[in-house]
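Heads up: the structure comes next, in structure tokens.
The values are calculated or read from the model by the stated rules, or taken from the named source; none is laboratory data. If you're wondering where the values come from, they're calculated on a predicted model, not measured in any experiment. Neighbour counts run over all protein chains shown; Cβ positions are idealised from the backbone, glycine included. Side chains are part of the model used for accessible areas, which takes the heavy atoms of the whole protein and leaves out ligands, DNA and RNA. Shrake-Rupley method; radii C 1.70, N 1.55, O 1.52, S 1.80 Å.
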Amino acid sequence: MIDVWYVVVLILVALICLALIRLFLGPTAADRVVSVDTVNTLTVAILILLGVAYAQTIFIDVAIVYALLSFVSTLYFAKYLGGEI
């Protein structure tokens, strides 16, 4: 039986594919940074949904660490594009 969580994860994977298209076709560097941040956010959402689906807290822990690293990398890219680095 297909669980509703897996359907939602498949929808999020489709959205990641759309963001990856923007990553490769984006006309500016800012578009590419936003698409990478979108992929990271959707990945965190997938990890949380898988944690709920499998009832495993390790997915939530990994999602928290991944979100923190994603936030730091987005700040770094924003400073780089802003000319501060």
Item checked: Percentage relative contact order, the chain, counting C-alpha pairs under 8 Å, at least six apart -> 26
Item checked: Virtual spin-label span in nm between D31 and I60, 7 Å along Cα→Cβ -> 3.9
Next item on the list: Using the heavy atoms of the protein chains and a 1.4 angstrom probe, tell me the accessible area per residue for the chain in square angstrom.
Entry: 70
Margin query: Per 0.36 nm of contour for each residue apart, how much would the distance between R22 and L75 grow if the chain were fully extended, relative to their Cα-Cα spacing?
Written below: 17.1 nm
Check: Using the membrane-span-like helix rule (whole DSSP H runs, Cα extent along the own axis of at least 15 Å, mean Kyte-Doolittle hydropathy at least 1.6), which helices of the chain qualify?
Finding: 4-25, 57-81
Checklist line | Surface share of carbon and sulfur [accessible, 1.4 angstrom probe, percent] for region 42-85 | finding: 75
